[in-house]
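This is the structure I want to talk about, given as C-alpha coordinates.
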Amino acid sequence: MTFQELNIIEPILKALDEKKYIKPTPIQEKAIPPAMECRDILGCAQTGTGKTAAFAIPIIQQLYKQQHQGKQRPIRALVLTPTRELAIQIEECFRHYAKYTNVKHGLVFGGVNQNPQIEKLKKGVDVLIATPGRLLDLISQGFVKLDAVEHFVLDEADRMLDMGFIHDIKRVLMKLPKKKQTLFFSATMPPPIAALSKSILYKPIRIDITPESSVVETIEQFVYYVEKEDKRKLLVSLVKEAQKDSVLVFSRTKHGADRIARILCRAGIGSEAIHGNKSQTARQNALTNFKSGKTRVMIATDIAARGLDIQDLPLVINYDLPDVPETYVHRIGRTGRAGKTGKALTLCSQDEMSMLLDIQKKVGITIPALC
Ligand code: ADP
Ligand code: MG
(Lines give C-alpha, C1' and ligand atoms only; values in the text may rest on other atoms or scores of the structure.)
(Ligands and ions follow the chains in the order given, each with its own letter.)
Protein backbone atom coordinates (compact mmCIF):
# COMPACT_ATOMS: atom_id res chain seq x y z
CA MET A 1 0.00 0.00 0.00
CA THR A 2 1.15 3.54 -0.79
CA PHE A 3 0.49 6.88 0.89
CA GLN A 4 -1.45 7.94 -2.24
CA GLU A 5 -3.82 5.04 -1.71
CA LEU A 6 -4.55 6.37 1.77
CA ASN A 7 -5.97 9.50 0.11
CA ILE A 8 -3.43 11.78 1.67
CA ILE A 9 -3.50 15.26 0.18
CA GLU A 10 -0.77 16.51 -2.12
CA PRO A 11 0.97 18.97 0.25
CA ILE A 12 1.45 16.23 2.85
CA LEU A 13 2.52 13.67 0.25
CA LYS A 14 5.19 16.06 -0.89
CA ALA A 15 6.53 16.41 2.65
CA LEU A 16 6.53 12.61 3.17
CA ASP A 17 8.38 12.20 -0.06
CA GLU A 18 11.05 14.60 1.17
CA LYS A 19 11.34 12.58 4.36
CA LYS A 20 11.99 9.59 2.05
CA TYR A 21 9.08 7.63 3.44
CA ILE A 22 8.35 5.06 0.78
CA LYS A 23 5.25 3.45 2.19
CA PRO A 24 3.13 3.61 5.33
CA THR A 25 4.09 1.47 8.30
CA PRO A 26 1.46 -1.09 9.43
CA ILE A 27 0.02 1.17 12.12
CA GLN A 28 -0.14 4.09 9.67
CA GLU A 29 -1.89 1.92 7.12
CA LYS A 30 -4.48 0.86 9.67
CA ALA A 31 -4.93 4.10 11.59
CA ILE A 32 -4.85 6.80 8.93
CA PRO A 33 -8.09 5.95 7.03
CA PRO A 34 -10.40 5.78 10.08
CA ALA A 35 -8.62 8.70 11.76
CA MET A 36 -9.26 10.85 8.69
CA GLU A 37 -12.95 10.04 9.06
CA CYS A 38 -12.73 11.44 12.56
CA ARG A 39 -13.14 8.07 14.27
CA ASP A 40 -11.60 7.43 17.68
CA ILE A 41 -8.57 5.15 17.66
CA LEU A 42 -7.06 2.86 20.28
CA GLY A 43 -3.59 2.07 19.02
CA CYS A 44 -1.44 -0.46 20.80
CA ALA A 45 2.04 -0.58 19.30
CA GLN A 46 5.65 -0.65 20.42
CA THR A 47 7.96 2.30 19.96
CA GLY A 48 9.46 2.70 16.54
CA THR A 49 6.34 1.63 14.67
CA GLY A 50 5.59 5.12 13.33
CA LYS A 51 2.79 6.24 15.62
CA THR A 52 3.54 9.95 15.29
CA ALA A 53 2.73 10.08 11.59
CA ALA A 54 -0.27 7.82 12.23
CA PHE A 55 -1.89 10.61 14.24
CA ALA A 56 -0.17 13.70 12.82
CA ILE A 57 -1.11 13.11 9.18
CA PRO A 58 -4.87 12.73 9.75
CA ILE A 59 -4.89 15.74 12.07
CA ILE A 60 -3.02 17.99 9.64
CA GLN A 61 -5.22 16.82 6.80
CA GLN A 62 -8.48 17.44 8.67
CA LEU A 63 -7.37 20.87 9.84
CA TYR A 64 -6.19 21.76 6.36
CA LYS A 65 -9.48 20.75 4.78
CA GLN A 66 -11.59 22.67 7.27
CA GLN A 67 -9.66 25.83 7.81
CA HIS A 68 -10.74 28.06 10.59
CA GLN A 69 -12.73 31.04 9.37
CA GLY A 70 -12.77 33.49 12.28
CA LYS A 71 -10.13 36.06 13.16
CA GLN A 72 -8.94 34.34 16.31
CA ARG A 73 -7.01 31.16 15.78
CA PRO A 74 -8.13 28.74 18.50
CA ILE A 75 -6.29 25.54 19.37
CA ARG A 76 -8.06 22.84 17.39
CA ALA A 77 -5.84 19.86 18.14
CA LEU A 78 -4.03 18.92 21.33
CA VAL A 79 -1.29 16.30 21.61
CA LEU A 80 -0.37 15.28 25.15
CA THR A 81 2.88 13.42 25.67
CA PRO A 82 4.76 12.54 28.87
CA THR A 83 8.25 14.00 28.40
CA ARG A 84 9.86 17.10 26.99
CA GLU A 85 12.05 15.10 24.63
CA LEU A 86 9.02 13.37 23.15
CA ALA A 87 7.17 16.66 22.84
CA ILE A 88 10.10 18.11 20.89
CA GLN A 89 10.23 15.08 18.62
CA ILE A 90 6.53 15.25 17.89
CA GLU A 91 6.90 18.93 17.13
CA GLU A 92 9.64 18.15 14.62
CA CYS A 93 7.30 15.68 12.92
CA PHE A 94 4.49 18.23 12.69
CA ARG A 95 6.96 20.74 11.33
CA HIS A 96 7.96 18.35 8.56
CA TYR A 97 4.60 16.90 7.67
CA ALA A 98 2.76 20.25 7.75
CA LYS A 99 5.49 22.10 5.87
CA TYR A 100 3.41 22.69 2.74
CA THR A 101 0.17 23.40 4.56
CA ASN A 102 -0.77 26.46 6.57
CA VAL A 103 -1.43 24.40 9.68
CA LYS A 104 0.45 26.00 12.58
CA HIS A 105 1.67 24.26 15.67
CA GLY A 106 3.00 25.23 19.08
CA LEU A 107 4.92 23.45 21.78
CA VAL A 108 4.78 23.78 25.55
CA PHE A 109 6.76 21.87 28.18
CA GLY A 110 8.12 22.56 31.63
CA GLY A 111 11.63 23.25 32.88
CA VAL A 112 12.18 26.29 30.69
CA ASN A 113 10.95 29.88 30.72
CA GLN A 114 7.30 30.03 29.73
CA ASN A 115 7.38 33.44 28.01
CA PRO A 116 8.58 32.39 24.54
CA GLN A 117 5.95 29.64 24.60
CA ILE A 118 3.26 32.18 25.48
CA GLU A 119 4.39 34.55 22.73
CA LYS A 120 4.02 31.76 20.20
CA LEU A 121 0.58 30.87 21.55
CA LYS A 122 -0.56 34.47 21.24
CA LYS A 123 0.17 34.38 17.52
CA GLY A 124 -2.28 31.50 17.25
CA VAL A 125 -1.63 27.79 16.78
CA ASP A 126 -3.88 25.10 15.34
CA VAL A 127 -2.08 22.21 16.98
CA LEU A 128 -0.62 22.32 20.47
CA ILE A 129 1.88 19.70 21.60
CA ALA A 130 2.27 19.66 25.36
CA THR A 131 3.44 17.89 28.46
CA PRO A 132 0.73 17.80 31.15
CA GLY A 133 2.28 19.94 33.91
CA ARG A 134 3.15 23.03 31.87
CA LEU A 135 -0.12 22.78 29.97
CA LEU A 136 -2.16 22.91 33.17
CA ASP A 137 -0.01 25.79 34.38
CA LEU A 138 -0.68 27.81 31.26
CA ILE A 139 -4.39 26.96 31.38
CA SER A 140 -4.65 28.20 34.95
CA GLN A 141 -2.88 31.44 34.00
CA GLY A 142 -5.35 31.92 31.17
CA PHE A 143 -2.85 31.58 28.31
CA VAL A 144 -4.31 28.39 26.91
CA LYS A 145 -7.95 27.66 26.15
CA LEU A 146 -9.00 24.22 25.05
CA ASP A 147 -12.69 24.76 24.36
CA ALA A 148 -12.29 24.64 20.58
CA VAL A 149 -10.28 21.39 20.50
CA GLU A 150 -11.60 18.98 17.87
CA HIS A 151 -8.81 16.40 17.94
CA PHE A 152 -7.11 15.08 21.04
CA VAL A 153 -4.11 12.74 21.10
CA LEU A 154 -2.88 10.90 24.14
CA ASP A 155 0.58 9.60 23.24
CA GLU A 156 2.45 6.98 25.30
CA ALA A 157 -0.48 6.56 27.66
CA ASP A 158 1.20 3.78 29.65
CA ARG A 159 4.24 5.95 30.21
CA MET A 160 1.99 8.78 31.36
CA LEU A 161 0.54 6.48 33.97
CA ASP A 162 3.99 5.25 35.09
CA MET A 163 5.08 8.85 35.55
CA GLY A 164 2.08 9.63 37.72
CA PHE A 165 0.27 11.87 35.25
CA ILE A 166 -3.14 10.23 35.58
CA HIS A 167 -4.67 13.08 37.58
CA ASP A 168 -3.18 15.69 35.31
CA ILE A 169 -4.63 13.89 32.30
CA LYS A 170 -8.04 13.85 33.94
CA ARG A 171 -7.79 17.55 34.66
CA VAL A 172 -6.91 18.26 31.04
CA LEU A 173 -9.78 16.07 29.87
CA MET A 174 -12.22 18.18 31.88
CA LYS A 175 -11.13 21.25 29.94
CA LEU A 176 -11.79 19.64 26.56
CA PRO A 177 -15.12 19.73 24.75
CA LYS A 178 -17.17 16.53 25.03
CA LYS A 179 -17.48 16.18 21.29
CA LYS A 180 -14.06 15.59 19.79
CA GLN A 181 -11.94 12.96 18.14
CA THR A 182 -9.62 11.08 20.49
CA LEU A 183 -6.56 9.16 19.34
CA PHE A 184 -5.12 7.04 22.11
CA PHE A 185 -1.71 5.37 21.83
CA SER A 186 0.08 3.08 24.21
CA ALA A 187 2.86 0.52 23.91
CA THR A 188 1.17 -1.75 26.44
CA MET A 189 -2.40 -2.16 27.65
CA PRO A 190 -2.33 -2.95 31.38
CA PRO A 191 -5.77 -2.82 33.11
CA PRO A 192 -5.59 0.84 34.25
CA ILE A 193 -4.80 1.93 30.69
CA ALA A 194 -7.58 -0.20 29.27
CA ALA A 195 -9.96 1.37 31.81
CA LEU A 196 -8.82 4.91 30.96
CA SER A 197 -9.17 4.27 27.24
CA LYS A 198 -12.65 2.87 27.74
CA SER A 199 -13.73 5.95 29.64
CA ILE A 200 -12.52 8.44 27.04
CA LEU A 201 -13.00 6.75 23.67
CA TYR A 202 -16.22 6.56 21.69
CA LYS A 203 -16.61 3.41 19.56
CA PRO A 204 -12.87 3.27 18.89
CA ILE A 205 -11.17 1.36 16.11
CA ARG A 206 -8.69 -0.86 17.91
CA ILE A 207 -5.34 -1.41 16.24
CA ASP A 208 -2.82 -3.85 17.64
CA ILE A 209 0.62 -4.14 16.19
CA THR A 210 2.15 -7.17 17.81
CA PRO A 211 5.57 -6.72 19.41
CA GLU A 212 6.87 -9.79 17.55
CA SER A 213 6.94 -7.96 14.25
CA SER A 214 8.47 -4.78 15.65
CA VAL A 215 11.06 -6.24 18.02
CA VAL A 216 12.34 -9.68 17.20
CA GLU A 217 12.58 -9.44 13.44
CA THR A 218 14.65 -6.32 12.99
CA ILE A 219 16.76 -6.39 16.14
CA GLU A 220 19.52 -8.91 16.69
CA GLN A 221 19.81 -9.57 20.40
CA PHE A 222 22.82 -11.00 22.22
CA VAL A 223 23.83 -11.40 25.83
CA TYR A 224 27.30 -11.43 27.37
CA TYR A 225 27.62 -13.31 30.64
CA VAL A 226 30.20 -11.30 32.47
CA GLU A 227 31.49 -10.73 36.01
CA LYS A 228 30.34 -7.42 37.42
CA GLU A 229 33.88 -6.08 37.70
CA ASP A 230 34.62 -6.98 34.08
CA LYS A 231 31.73 -4.99 32.63
CA ARG A 232 33.79 -1.82 32.27
CA LYS A 233 36.46 -3.47 30.17
CA LEU A 234 33.91 -5.26 28.03
CA LEU A 235 31.93 -2.08 27.44
CA VAL A 236 35.02 -0.19 26.32
CA SER A 237 35.97 -2.92 23.88
CA LEU A 238 32.42 -3.22 22.49
CA VAL A 239 32.21 0.52 21.95
CA LYS A 240 35.62 0.49 20.27
CA GLU A 241 34.61 -2.46 18.09
CA ALA A 242 31.60 -0.49 16.85
CA GLN A 243 34.11 1.91 15.28
CA LYS A 244 32.28 4.91 13.87
CA ASP A 245 28.76 3.70 14.68
CA SER A 246 26.57 5.53 17.16
CA VAL A 247 26.02 3.62 20.38
CA LEU A 248 23.34 4.15 23.00
CA VAL A 249 24.27 2.71 26.41
CA PHE A 250 21.61 2.16 29.06
CA SER A 251 22.11 2.48 32.76
CA ARG A 252 19.52 1.78 35.44
CA THR A 253 20.64 4.72 37.59
CA LYS A 254 21.70 8.32 37.10
CA HIS A 255 24.96 7.79 38.99
CA GLY A 256 25.62 4.71 36.94
CA ALA A 257 25.20 6.75 33.77
CA ASP A 258 27.71 9.35 34.95
CA ARG A 259 30.13 6.60 36.00
CA ILE A 260 29.93 4.99 32.55
CA ALA A 261 30.62 8.36 30.92
CA ARG A 262 33.76 8.65 33.07
CA ILE A 263 34.90 5.12 32.20
CA LEU A 264 34.52 5.85 28.49
CA CYS A 265 36.24 9.19 28.86
CA ARG A 266 39.25 7.52 30.50
CA ALA A 267 39.37 5.14 27.55
CA GLY A 268 39.46 8.14 25.21
CA ILE A 269 35.89 7.75 23.97
CA GLY A 270 33.78 10.89 23.92
CA SER A 271 30.30 10.41 25.34
CA GLU A 272 27.48 12.28 27.01
CA ALA A 273 24.96 11.14 29.58
CA ILE A 274 21.31 12.14 29.75
CA HIS A 275 19.26 11.67 32.87
CA GLY A 276 16.88 13.45 35.19
CA ASN A 277 19.57 15.32 37.14
CA LYS A 278 20.64 17.21 34.05
CA SER A 279 18.96 20.42 32.98
CA GLN A 280 16.55 20.35 30.09
CA THR A 281 19.02 22.34 27.98
CA ALA A 282 21.89 19.96 28.77
CA ARG A 283 19.73 16.97 27.85
CA GLN A 284 18.56 18.54 24.63
CA ASN A 285 22.11 19.51 23.67
CA ALA A 286 23.38 16.02 24.36
CA LEU A 287 20.59 14.57 22.26
CA THR A 288 21.23 16.96 19.38
CA ASN A 289 24.95 16.14 19.45
CA PHE A 290 24.18 12.45 19.47
CA LYS A 291 21.66 12.64 16.65
CA SER A 292 24.03 14.65 14.49
CA GLY A 293 26.87 12.21 15.16
CA LYS A 294 28.96 14.81 16.98
CA THR A 295 28.88 12.60 20.06
CA ARG A 296 29.21 8.96 19.14
CA VAL A 297 28.14 7.47 22.44
CA MET A 298 25.21 8.49 24.59
CA ILE A 299 24.44 7.01 27.98
CA ALA A 300 20.87 7.22 29.15
CA THR A 301 18.65 6.21 32.01
CA ASP A 302 15.33 4.64 31.15
CA ILE A 303 13.14 7.66 31.84
CA ALA A 304 15.40 9.97 29.86
CA ALA A 305 15.45 7.65 26.87
CA ARG A 306 11.90 6.50 26.68
CA GLY A 307 10.45 6.97 23.22
CA LEU A 308 13.48 8.82 21.88
CA ASP A 309 13.65 8.56 18.14
CA ILE A 310 17.17 8.39 16.86
CA GLN A 311 17.74 7.74 13.18
CA ASP A 312 20.35 5.21 12.22
CA LEU A 313 21.13 3.85 15.63
CA PRO A 314 22.76 0.50 14.90
CA LEU A 315 23.72 -0.49 18.43
CA VAL A 316 22.20 -0.44 21.89
CA ILE A 317 24.14 -1.74 24.88
CA ASN A 318 22.47 -2.60 28.17
CA TYR A 319 25.25 -2.02 30.69
CA ASP A 320 22.93 -3.40 33.30
CA LEU A 321 19.58 -5.11 33.16
CA PRO A 322 16.34 -3.27 33.75
CA ASP A 323 14.30 -4.73 36.59
CA VAL A 324 11.07 -4.53 34.58
CA PRO A 325 11.12 -6.80 31.49
CA GLU A 326 8.97 -4.31 29.57
CA THR A 327 11.75 -1.75 29.94
CA TYR A 328 14.11 -4.08 28.09
CA VAL A 329 11.75 -4.07 25.12
CA HIS A 330 11.64 -0.28 25.20
CA ARG A 331 15.41 0.01 25.48
CA ILE A 332 16.22 -2.21 22.54
CA GLY A 333 13.39 -0.61 20.56
CA ARG A 334 15.68 2.42 20.17
CA THR A 335 17.49 0.48 17.47
CA GLY A 336 16.08 -1.32 14.45
CA ARG A 337 13.48 1.35 13.90
CA ALA A 338 11.20 1.62 10.90
CA GLY A 339 12.42 -1.60 9.37
CA LYS A 340 16.15 -0.89 9.75
CA THR A 341 18.26 -3.58 11.37
CA GLY A 342 19.89 -3.07 14.72
CA LYS A 343 21.81 -4.90 17.38
CA ALA A 344 21.14 -5.00 21.10
CA LEU A 345 23.85 -6.28 23.44
CA THR A 346 23.16 -6.98 27.09
CA LEU A 347 25.83 -7.33 29.77
CA CYS A 348 24.49 -9.72 32.37
CA SER A 349 26.27 -10.50 35.63
CA GLN A 350 25.53 -13.40 37.98
CA ASP A 351 23.18 -11.38 40.20
CA GLU A 352 21.14 -10.27 37.19
CA MET A 353 20.34 -13.77 35.94
CA SER A 354 16.81 -13.80 37.31
CA MET A 355 16.04 -10.51 35.55
CA LEU A 356 17.38 -11.95 32.32
CA LEU A 357 15.12 -14.98 32.68
CA ASP A 358 12.10 -12.70 33.14
CA ILE A 359 13.11 -10.74 30.06
CA GLN A 360 13.48 -13.87 27.97
CA LYS A 361 10.02 -14.93 29.03
CA LYS A 362 8.73 -11.54 27.95
CA VAL A 363 10.38 -11.49 24.51
CA GLY A 364 9.66 -15.18 24.00
CA ILE A 365 13.16 -16.19 22.98
CA THR A 366 16.34 -17.32 24.66
CA ILE A 367 18.72 -14.51 23.87
CA PRO A 368 21.84 -16.03 22.32
CA ALA A 369 25.03 -15.69 24.37
CA LEU A 370 28.31 -14.38 22.99
CA CYS A 371 30.56 -15.29 25.92
P1 ADP B 1 6.76 5.64 17.58
O2 ADP B 1 6.05 6.89 18.03
O3 ADP B 1 5.84 4.52 17.25
O4 ADP B 1 7.84 5.23 18.54
P5 ADP B 1 7.88 7.34 15.55
O6 ADP B 1 6.67 8.02 15.11
O7 ADP B 1 8.79 8.08 16.47
O8 ADP B 1 7.50 5.95 16.22
O9 ADP B 1 8.67 6.84 14.25
C10 ADP B 1 9.86 6.10 14.34
C11 ADP B 1 10.76 6.44 13.17
O12 ADP B 1 10.24 5.92 11.96
C13 ADP B 1 10.96 7.91 12.92
O14 ADP B 1 12.31 8.13 12.63
C15 ADP B 1 10.12 8.23 11.72
O16 ADP B 1 10.65 9.31 10.97
C17 ADP B 1 10.22 6.93 10.97
N18 ADP B 1 9.04 6.66 10.13
C19 ADP B 1 7.76 6.82 10.47
N20 ADP B 1 6.94 6.46 9.46
C21 ADP B 1 7.74 6.05 8.46
C22 ADP B 1 7.50 5.54 7.14
N23 ADP B 1 6.27 5.38 6.68
N24 ADP B 1 8.56 5.23 6.38
C25 ADP B 1 9.82 5.37 6.86
N26 ADP B 1 10.13 5.84 8.09
C27 ADP B 1 9.09 6.17 8.88
MG1 MG C 1 6.03 8.00 19.69
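Quick one: in the stretch 276-299, of everything that is farther than 15 Å from ALA261 by Cα and β-branched (Val, Ile, Thr), which residue is nearest to the chain's Cα centre (by Cα)?
Result: THR288.
Filtering the stretch 17-52 down to residues that are of a type in the set (Gly, Ala, Ser) and within 7 Å of ligand 1 (Cβ to nearest atom), which residue is nearest to ARG331 (Cα to Cα)?
In this case the residue turns out to be GLY48.
Sticking with this structure for a sec: Take the stretch 120-151 and flag every residue that is within 16 Å of ligand 2 (Cβ to nearest atom) and within 26 Å of LYS65 (Cβ to Cβ).
Hits for the stretch 120-151 are VAL127, ILE129, ALA130.
Quick one: would you say THR83 is under 23 Å from GLY164 (Cα atoms), away from ligand 1 (no atom under 15 Å from the Cβ) and within 13 Å of the chain's Cα centre (by Cα)?
no
Next question. Have a look at GLU272, GLU326 and point out the one that is modelled with pLDDT of 90 or more and either within 25 Å of HIS255 (Cβ to Cβ) or among the aromatic types (Phe, Trp, Tyr) (or both).
GLU272
Kindly list the number of the only condition in (1) aliphatic (A, V, I, L, M); (2) part of a strand (DSSP E or B); (3) under 23 Å from GLY133 (Cβ atoms) that fails for ILE193.
Of (1) aliphatic (A, V, I, L, M); (2) part of a strand (DSSP E or B); (3) under 23 Å from GLY133 (Cβ atoms), only one is false for ILE193: (2).
In this structure, does LEU264 turn out to be touching a residue at least 60 places away in the same chain (Cβ under 8 Å) and either in contact with a strand residue (DSSP E or B) (Cβ under 7 Å, 6 or more places away or on another chain) or under 30 Å from PRO26 (Cβ atoms) (or both)?
The answer is no for LEU264.
So which residues in the stretch 288-313 are in a loop (DSSP other than H, G, I, E, B), within 14 Å of ligand 1 (Cβ to nearest atom) and at negative phi, if there are any at all?
Residues satisfying the conditions are ARG306, LEU308, ASP309, ILE310, GLN311, LEU313.
Need at least 1 residues that are within 16 Å of ligand 2 (Cβ to nearest atom) and surrounded by 16 or more Cβ atoms within 10 Å (Cβ to Cβ) per element, so show me which helices (runs of 4 or more DSSP H) inside the stretch 1-108 make the cut, counting only ones lying wholly within it.
Fully inside the stretch 1-108 and qualifying: 26-36, 51-65, 84-97.
The values are calculated or read from the model by the stated rules, or taken from the named source; none is laboratory data. Please read these numbers as outputs of a predicted model, since none were measured by experiment. No Cβ is skipped: glycine too gets one built from the backbone with ideal geometry, and neighbour counts run over all protein chains shown.
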